[in-house]
Amino acid sequence: MSSIRQEILQAIKDYDRIIIHRHMRPDPDALGSQVGLAEVLRASFPTKEIYQVGGPVEGLDYLAEMDEVADHLYQGALVIVTDTANSPRISDQRFEFGERLVKIDHHPNDEPYGDLVWVNTKASSCSEMVADFALSFPEELVVNQAAARLLYAGIVGDTGRFLYPATTAHTLAISGRLLEYGFDAALLNRQLQQISLKVAHLSGYVYQHIEADDNGAGQVILPQELLEKYGVVDSETAALVPLPGTVDSILAWALFVWQPEGYYRVRLRSKGPVINEIAKRHHGGGHPLASGANARDLDEVAEIYSEIQDLCRRFKEEQAAAPEN
Ligand code: AMP
């Protein structure tokens, strides 16, 4: 077993107060890893103070809610941040006020903040890492049903229900072990999957307005008037992101979502071409096949789409040039 896990366990044992953070605009993996870990620590160390902090949970309140933590509680505390590659994206910047900082993440380690850094880019999700961590110290850490449910939700969320390439035999084995805790997985899967009627209607728009080129680039732009017409806000658009990828000819795509501050949130996905370099060039980052960025206006939106088009063209050319195997 990696010694970094032992070092993290030792740090947890050393502190009476532990405050756990995750990234802004949380998804099920951010909350699952953060609060799943919090539940494991509460069950394992009933006398320690364990807090989960961050901004709004954006429609995921069936998974978890956040604690209010006064500034002074950071003094002498251990802070753990899950699922967050870069420190500016940590929700609640008071993470710096603790005594010791631990980073647990599965994104490329572009910014190795923290005194202890455990990054595994091969893990399907940060929740898989936390589940691995919790299950690898059976004498010392207790996984209960609440923790298992949260960690399972994070894995299901980040793998698109075990669909995306980061899903491994180990992901399925860990998920199987979590299922043994007996939470209602069918209900949880429904909760993770369900959308409102207005988002269902907007999905129709998305399918009808996919713009795609011959090399497999795709895009959909959701402008202000459209979001207002459907009464949908950014935090409700997560379910729309995978839709262009269901089209057989599309290899890499972007969903551009207008924000009340005037810029566009960019959500990039791919079935092969590596898109996180594009994300990094536009104030973002993420995984090779799933990243996010920001475009200040429609000109930058057009620039990003053109970069996706170039990427897909080069990808196709490389594939065509590669010897048959
Ligand atoms: P999203 O499209 O928001 O679901 O994000 C997909 C992936 O990219 C997630 O793993 C995010 O953590 C990452 N990501 C999204 N936006 C950013 C950003 N602005 N900076 C760095 N990483 C991001």
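The values are calculated or read from the model by the stated rules, or taken from the named source; none is laboratory data. Just so you know, these numbers come straight off a predicted model, no measurement behind them. Cβ placement follows ideal geometry from the backbone for every residue including glycine, while neighbour counts extend to all protein chains displayed. Protein only, heavy atoms only, side chains kept; ligands, DNA and RNA dropped before computing areas. Shrake-Rupley method; radii C 1.70, N 1.55, O 1.52, S 1.80 Å.
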>> I'd like to verify a number: residues in the range 110-132 that are assigned to a loop (DSSP other than H, G, I, E, B) and either modelled with pLDDT under 95 or of a type outside the set (D, E, K, R) (or both), how many?
In response: 9
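Do we find a residue being polar (S, T, N, Q), closer than 30 Å to ASN120 by Cα and in contact with a Lys or Arg (Cβ under 9 Å, 6 or more places away or on another chain) anywhere in the range 255-264? Steps first, answer last, please.
Initial filter on the range 255-264 (polar (S, T, N, Q)): 259.
Right, trim to closer than 30 Å to ASN120 by Cα and you get none.
Checked against the condition, which is being polar (S, T, N, Q), closer than 30 Å to ASN120 by Cα and in contact with a Lys or Arg (Cβ under 9 Å, 6 or more places away or on another chain), the range 255-264 yields no hits at all.
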> If you check VAL130, VAL119, which single one turns out to be in the same structural domain as VAL53 (by TED's automatic domain parsing), open to solvent by less than 20 Å² (accessible area, probe 1.4 Å) and either within 14 Å of the ligand (Cβ to nearest atom) or not aromatic (Phe, Trp, Tyr) (or both)?
Replying inline: VAL130
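Can you report the number of residues in the range 299-320 which are among the aromatic types (Phe, Trp, Tyr) and closer than 11 Å to TRP253 by Cβ? Break it down into steps so the answer makes sense when it comes.
First pass over the range 299-320, keeping only residues among the aromatic types (Phe, Trp, Tyr): 305, 315.
Now narrow it down to the ones that are closer than 11 Å to TRP253 by Cβ: 305.
Counting residues in the range 299-320 that are among the aromatic types (Phe, Trp, Tyr) and closer than 11 Å to TRP253 by Cβ gives 1.
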